[in-house]
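Input: a single structure, listed below in structure tokens.
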Protein chains: 2
Amino acid sequence: MPQFINEKETLVTDAIDGLLETSGGMLARLDGYPHIKVVCRADWDKSKVALISGGGSGHEPAHAGFVGEGMLTAAVCGEVFASPSVDAVLAGILAVTGPAGCLLIVKNYTGDRLNFGLAAERARAFGHKVSMVVVDDDIALPDLPQPRGVAGTLFVHKIAGALAQAGAGLEEVTKAAETAITHMASIGTSLDTCTVPGSAKEDRIAPGMAELGLGIHGEAGVQQVVFKNAKDAMDLVLEKLEPKIGSGPHVAILNNLGSTTPLEMSVLAHELATSPKAKNIKHMIGPAPLMTSLDMHGFSVSVLPVDDLNQAHLEASVGPAAWPGMNAVSEPAVRPLPDGLSPIKPIPSANPKTKAVLEQCCDLLIAAEAELNELDAKSGDGDTGSTLTTAAKALKGSLDRMPLADPTQLFRAVGEELSQTMGGSSGVILAIFFGAAGDACASGKPIPKALLAGLERISEVGGASKGDRTMIDALEPALQALPDGIANAAHAAREGANATASMGRAKAGRASYVPEENLIGHNDPGAEAVARLFEGLAKAM
Amino acid sequence: MPQFINEKETLVTDAIDGLLETSGGMLARLDGYPHIKVVCRADWDKSKVALISGGGSGHEPAHAGFVGEGMLTAAVCGEVFASPSVDAVLAGILAVTGPAGCLLIVKNYTGDRLNFGLAAERARAFGHKVSMVVVDDDIALPDLPQPRGVAGTLFVHKIAGALAQAGAGLEEVTKAAETAITHMASIGTSLDTCTVPGSAKEDRIAPGMAELGLGIHGEAGVQQVVFKNAKDAMDLVLEKLEPKIGSGPHVAILNNLGSTTPLEMSVLAHELATSPKAKNIKHMIGPAPLMTSLDMHGFSVSVLPVDDLNQAHLEASVGPAAWPGMNAVSEPAVRPLPDGLSPIKPIPSANPKTKAVLEQCCDLLIAAEAELNELDAKSGDGDTGSTLTTAAKALKGSLDRMPLADPTQLFRAVGEELSQTMGGSSGVILAIFFGAAGDACASGKPIPKALLAGLERISEVGGASKGDRTMIDALEPALQALPDGIANAAHAAREGANATASMGRAKAGRASYVPEENLIGHNDPGAEAVARLFEGLAKAM
């Protein structure tokens, strides 16, 4: 499976440089490429306890993405899924450690423990105060003597980060980190393994199966289960965590393992927030990618009991943009629907003249059904005539319910009627046309101007204007000519409709997908309908 | 391809509820499920211009994730890739619009234009001030009369959001949005299409190919190209954007289309930051998922010229955690490597007695090579004897270069020598052991206590302690007995080593992966080596 990388050899350095180049100058790196890949705070003055983490890459944003005020001072990055060397860790320690000392936050993998451990020894030999904590939060294998370190590491970065930022001493910071590690637990599940650059993807998890308790390097999980849905997947994870969740309030990290979409993560957040198994989870960090496993399609949940102190540490704002913050889990706030969704029913009123004109319009459209359909078959799906006929029949049948004596209300009511009886876009467009015309009437405009205001609005909403081979080509000149009499309007409409026959590619509506050669020589059916309407009205008057 | 959802019918409402439940009470929704899905600010007092966006779902965090202070007031969410209804949009408008009016920010799709457009008409009929802008930033099809709206929409959310937040009037906010829309341009590329829940995935893009200019609903791109690498992919995208990038400074949005990993996105950020085609891009928003297309493995770049005013609007901090902020693009800051990475070479000094003891130790280990290998073959890869012999030979050859008269320096130098000559974990463990012993010597501890300090450190770093079937089982009792004489130490070491034969599953090191039945009855080879060392020394003294 191809990925957006250049070559395996420069993958991690390219990514670190990309991070630095877009950090707004908040991050720096040591001049040790390719062997030594250390990202550190650019503004660090060594006045407080330094926090250093790291390990193999492929878990971004962990750890370099969490370097910044209130979290890590430096991240020592290995190649993908490979521990950084002793020299790299030592370089990181020596670069950022001042008189207050430093804490190394290490995930429990032999390579990391040893390389960070030896680097710590060497740094101590230089007289530095160095302490080290090992995160082993993974509960996938309950009897494993050396549980792996996974996303719970973020609790440590954040709690220790807040303490160090506040000026706490190395012992206090170390103790807080150790306490958090003792009490946290994590487990992950995934629908697929991860794609390690340069290696073939392991097809271990069959489609339709999920793996529970797999590692962040794609290590096989404790069990494969049939994947049912998000609820069931979260339920299995919480079942494993439940024995670790005590009676008091807890915080959960909901971590995206790589390629799970924001939409899926929100669904999982909902399942976590509403599961009876998680009733003591009162705060959540995420959902967000925090400790990923390349492109793994999965998630993990980490839990930690919270007291007032570590709640404050977890809540404190930080520099790194990758930190999603912690929020209280709450019931969704639901507000009542506003009034006015159902349009106000107009009060019927009589106006024989208006009624007669409207009836004429309807009859003209009904009479043109077959010919308009035929025309539409050249450029669309051949239903313009039928659509208009259906609407015209419905409108004709509704005239006795219409506020015929009040143009403002009438225009709005016609729009409403058409939006209900005409399907799809055409109904909405005519509803907008008549609605805007009604508004213009209300503000005192004469009817031709009001109709032009409606036209302007549908042009704006639909994105079409004169020359785009739509009904506008006939309607606009007709409405502009209307103050000079219906005969002039009809003439203008006809000229406009006929002009569409020589227009090339349509610029809006469905005809825009039809090749030019199919259109040339035929009037646009919408424009033709308008022309016939005005011609018919002119004839009758 | 399975996804972490429950059922298609509740996908969007589940996700919205998940968003709300983890928003810390900052978001609310209208009581219109399942038809009306409107997310709005919980703290909104209608005192300023309201900003409303939305459209089909599947683009998260757009748009509900950008509801909050300084960005959107409300998001109207349709089903996946389907426009919300007129009623839903109208409900959103009526719920949040006060006397200052509202701006609808709509992506250029017919359904969205019409539904938002008609809802705007209806809201205007209620007397609300409503304006609407249509984002059409996609330049994939240069001659398309109705370009699609894609990730550039975020520029509008942010600029209009900052202005509205600052109290600007509806006209000013609308004008700023329109200006931004006029000047922006976007294009995306992907290695795969997206998986629409409930539909089979379209296998349109062959592995090894990339599609350029595809839409955020998986609409086919303008062209398929052979995918080479991240640099080439970014280059193709920038080639399309280059004609749209003017002479002044620009800002780019680097958008993750769904399932591209943070590591890949950082590599792409590096390519964008360093491309000569993007030399006028002085600021970047992201890389981050902003306007996704479900799980599409791709990215898009949007560009906009910046002046002082919109730079300030884009930089202003906001409520929504999904907004990644804007940073200046800068060269990576590179700091010199710290001094001290090369260990200080010890000054050789003579001490015949120490030299003799060390030579004896080396000879004892060399003599035990074959037997230790044989023992190791029961539980490991059969090389303990060879590994120790290689190290012993190297150490023996280095004795004349050693600071034999200074225990502190000697321990450190022995550790250094062993870490260089022994491969893998064993070298690092012994380096840590002797390094910590050296430190303890330096602080005045006698040699047995110093060695115990070393043992404590490797126990801490390696995670093993007595009883875990490692060399510690012999070394710890031996060192504890050492103050009572070498004979007692040898006796204790032998007892400890023999005790490992009855230990079950190893708890650390490689033997922890070996079944219990293979281990029982055999001494741990590391512990055996320690016992032979002490027994040999006792015999010789």
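Values for this structure:
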read-out	value
10 Å-binned pair-distance histogram of the protein assembly as shown (Cα, whole percent)	2, 10, 17, 19, 17, 12, 9, 6, 4, 3, 2, 1, 0, 0
For residues of B:89-96, the mean tally of beta carbons on other chains within 10 Å	3
Other-copy label distances relative to residue A:45, 7 angstrom Cα-Cβ extension, nm	3.8
Average other protein chain Cβ within 10 Å of Cβ, residues A:26-33	4
Separation in nanometres of the label points that stand 7 Å from Cα toward Cβ, at residue B:228 and residue A:33	1.9 nm
Amide H within-cut-off set for residue A:132, under 5 Å, with H built and near neighbours excluded	A:104
Region B:352-540: Rg to Rh, with Rh as the Kirkwood radius over Cα pairs	0.94
Whole-number percent relative contact order across chain B, with pairs defined as alpha carbons under 8 Å at least 6 apart	9 percent
Distance cut-off 18 Å, percentage of C-alpha pairs in region B:1-68 lying past it	39 percent
3J(HN,Hα) from dihedral phi, region A:33-41, Karplus parametrisation 6.51/-1.76/1.60, rounded to Hz, x for glycine, proline	4, x, 6, 9, 10, 10, 9, 9, 4
Chain A: antiparallel DSSP beta bridges as a percent of all, rounded to 5	55 percent
Cα-based radius of gyration of region B:83-125 once divided by 2.2 N^0.38 Å, which approximates compact folds	1.06
Copy-to-copy label separations for residue B:357, where each label sits 7 Å from Cα toward Cβ, in nm and ascending	11.6
Karplus-derived HN-Hα couplings along region A:283-300 (A = 6.51, B = -1.76, C = 1.60, θ = phi - 60°), whole Hz, x at Gly and Pro	9, 9, 10, x, x, 6, x, 10, 10, 8, 10, 6, 9, 5, 8, x, 8, 9
DSSP-defined antiparallel bridges as percent of all bridges, the protein assembly as shown, nearest 5	50 percent
Relative contact order %, region A:352-540, counting alpha carbon pairs below 8 Å whose residues are six or more apart	21 percent
Highest to lowest packing among B:66-72, B:347-353, B:457-463, scored as the average C-beta count within 10 Å	B:66-72, B:457-463, B:347-353
Mean-position separation - Cα centroids, region B:89-143 and region A:200-224, in angstrom	46 Å
Theoretical FRET efficiency, 1/(1+(r/R0)^6), r = Cβ-Cβ of residue B:1 and residue A:43, R0 45 Å, to 0.05	0.55
Estimated 222 nm signal from helices in the protein assembly as shown, with DSSP H stretches of n ≥ 4 weighted -39500 (n - 2.57), rounded to 500	-13500 deg cm²/dmol
Closest approach to the B/A rotation axis among chain B Cβ atoms, residue and whole-Å value	B:259, 2
Binned Cα-Cα distance frequencies in region A:16-127 - 5 Å width, integer %	2, 14, 26, 27, 20, 9, 2, 0
Per-residue mean of C-beta atoms belonging to partner chains within 10 Å, peptide B:267-278	5
For chain A, alpha-carbon Rg and Dmax in angstrom	34.6, 106
Cα centroid of region B:36-69 to Cα centroid of region B:261-319, whole Å	22 Å
Filter on B:158/B:279; A:201/B:282; B:355/B:445; B:158/B:244 - keep pairs with C-alpha separation over 26 Å	A:201/B:282
Tail weight of P(r) past 21 Å, computed on alpha-carbon pairs of region A:221-313, percent	30 percent
Amide proton proximity set for residue A:185, modelled H, under 5 Å, gap of 5+	A:303
Computed E for residue A:308/residue A:239 - FRET, C-beta separation, R0 30 angstrom, nearest 0.05	0.55
Charge dipole magnitude, Cβ of K and R +1, D and E -1 - region B:352-540, Cα centre, debye nearest 20	420 debye
Eligible aspartates and glutamates near residue A:396 by straight Cα distance, threshold 19 Å, same-chain separation 8 or greater	A:359, A:363, A:369, A:406, A:416, A:417
Listed peptides B:39-48, A:184-193, B:91-100 by packing density, highest first (mean Cβ within 10 Å)	A:184-193, B:91-100, B:39-48
Order by protection proxy (mean Cβ within 10 Å, highest first), peptides B:203-212, B:236-245	B:236-245, B:203-212
Teacher prompt: residue A:393 distances to equivalent labels in other copies, 7 Å Cα→Cβ, nm	10.1
Amide H contacts of residue B:335 (H built 1.01 Å from N, under 5 Å, at least 5 apart or other chain)	A:29, A:30, A:31
Residue-wise HN-Hα coupling along region A:135-151, computed from phi with Karplus coefficients 6.51, -1.76, 1.60 (Hz; x: Gly, Pro)	8, 9, 7, 6, 9, 4, 10, x, 9, 6, x, 10, x, 6, x, 10, 5
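Every number in this text was worked out from the coordinates using simple rules, so none of it is lab data. What you see is a predicted model; the values in this text were computed from it and never measured. We place every Cβ from the backbone using ideal geometry, glycine too, and count neighbours over all the protein chains shown.
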